[in-house]
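Novice: Please read through the structure below; I'll follow up with questions.
The values are calculated or read from the model by the stated rules, or taken from the named source; none is laboratory data. Here the structure is a predicted model, which means the values were calculated and not measured. FYI the Cβ positions are ideal-geometry reconstructions off the backbone, even for glycines, and counts take in every protein chain you see.
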Amino acid sequence: MPKDVTNEYLEKLLYKKPGVTADQLLYRDFDAEAVYKALARKGETLKHLWQKYNAAGIVDGRRPMSYRQYCRRYSEWADSKQLTFHIQRYPGVNLELDFAGKALCIHDRHNPEETTKVTIFVAALTYSDYFYAEGMTECDIKNWIRVNNNALAFFGGVTPTVTPDNCKVAVSRNKDWVSPVVNKDFQAWAEHNGTVITPAKVRSPRWKPTVEGHVKIITMHILMDMEDMIFYSLDELNHVLIEKINAENKRPFEGLSYSRYDLFNKEEKESLLPLPSTAFEYLERKTVKVAQDFSFTFDKVHYSMPRKYLRQEVEIRAGEKEIYVYNKQGDFIRTHKRSYTPKDWVVIRKRTIASTCSYASFSAIIVSHDTESKKLST
């Protein structure tokens, strides 16, 4: 090398001097931690905070960063601190839905060893943490609609948005979260109640943190207590479950003097949208045959029928609370209260003679009875 190439020259050429970066020399820095705290305020956005930062202009010879640089620098700071964005919750805005990880069971009265699995549905309001739970033996669409109707009745209103888990009865497809496909019957339920379904991202519990927390509470503190109890019907199980849910809702928050129930009644209940005049009803239609025991079977439950319909086919229109029975010609026969306990019998008892016979027929029966009584006495 030429004689004028010194070690000092090579050092300047090959090695960067310790000190500040070019960005720090040219651009004005900002307090990322203050930005993080400011974003927790209602209505605050990163764009608005950058606009205030940008408005100060050049300070001490350093100009403000562009919005893109500002967002990148804040994102790098948040990643280094392993921080997640805090979602500000407001009264009466969102309801989250999920299933508990632990299941219970109900026993057959005639064969206690035979059991039916009961899955626990959970619904939680995101602002007050007020929550509801109910057991269901079948996780199909009609039972999904039923428990969601019961949840809205429990809260006494509707939220503008509902965030369910990605179960098949709620969401048919949700690959990218951008354009999820909601189950058509659940979508009809949402339209009937004036709400919007916004499914959570797949395998992302943080998208529905409120209900995830309640799933943990129900599993560890409520279902563990109920695991050793013996139930012979779904109604018995749900009766105990709702008692425990009400007790948990009225328990004060740790370190505070008020409970979920207090917060719900004071700040959130009035913010809910009103319930529609009638609940959404999913009607399932099916043709069944009246068996030799004067009953038909629907959804593993036996329902009684009059003798004249023995071995005949009838049409069932099953709603949430009642089952409507029609003959093949479409004429109405009778209504049964619906049961959700497998192998249960729902029987309509025979009416009294006076209510089923005409006055003349009833008089004839009485006269005949008197004549027979006289013969016997003679």
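Novice: So, of the residues in the range 90-136 that are polar (S, T, N, Q) and under 16 Å from the mean Cα position of the chain (by Cα), which turns out to be nearest to C167 (Cα to Cα)?
Specialist: T119
Novice: What number of residues within the range 272-316 satisfy the criterion of being surrounded by 16 or more Cβ atoms within 10 Å (Cβ to Cβ) and hydroxyl-bearing (S, T, Y)?
Specialist: Of the residues in that region, 5 qualify.
Novice: Within the set of pairs 6 or more residues apart or between chains, which connect a residue that is within 17 Å of F154 (Cα to Cα) inside the range 274-297 to a residue that is surrounded by fewer than 14 Cβ atoms within 10 Å (Cβ to Cβ) and among the hydrophobic types (A, V, I, L, M, F, W, C) with Cβ atoms less than 9 Å apart?
Specialist: Qualifying pairs under 9 Å: L275/A153; A279/A153.
Novice: Residues in the range 223-279 that are at pLDDT 85 or above, outside any helix (DSSP H, G or I) and under 23 Å from T115 (Cβ atoms): how many?
Specialist: 5
Novice: Oh, and also: Any idea which of T198, T161, T115 is hydroxyl-bearing (S, T, Y) and either over 29 Å from A247 (Cα atoms) or buried (at least 17 other Cβ atoms within 10 Å of the Cβ) (or both)?
Specialist: Within the list T198, T161, T115, the selection yields T198.
Novice: Does the range 125-143 include one or more residues that are surrounded by fewer than 20 Cβ atoms within 10 Å (Cβ to Cβ), out of contact with any Pro (no Cβ under 7 Å at 6 or more places or on another chain) and of a type in the set (S, T, Y)?
Specialist: no
Novice: Counting just the residues of the range 280-297 that are in a loop (DSSP other than H, G, I, E, B) and acidic (D, E), which one comes out modelled with the highest pLDDT?
Specialist: D293
Novice: Does F231 meet the test of being assigned by TED's automatic domain parsing to the domain that holds D129, touching a strand residue (DSSP E or B) at 6+ places or on another chain (Cβ under 8 Å), loosely packed, with under 15 Cβ neighbours inside 10 Å and of a type outside the set (D, E)?
Specialist: When the stated conditions are applied, F231 does not pass them.
Novice: Looking at E268, E227, E236, E243, which is the one that is out of contact with any helix residue (DSSP H, G or I) (no Cβ under 6 Å at 6 or more places or on another chain), closer than 18 Å to N150 by Cα and in contact (Cβ under 8 Å) with a residue 40 or more places away in the chain?
Specialist: Sole residue among the options that is out of contact with any helix residue (DSSP H, G or I) (no Cβ under 6 Å at 6 or more places or on another chain), closer than 18 Å to N150 by Cα and in contact (Cβ under 8 Å) with a residue 40 or more places away in the chain: E236.
Novice: Which one is farthest from V93 (Cα to Cα), of the residues in the range 42-80 that are in contact (Cβ under 8 Å) with a residue 40 or more places away in the chain and of a type in the set (K, R)?
Specialist: The residue in question is R73.
Novice: For the subset of the range 298-351 comprising residues that are of a type in the set (G, A, S) and assigned to a loop (DSSP other than H, G, I, E, B), which member is nearest to the chain's Cα centre (by Cα)?
Specialist: This residue is G319.
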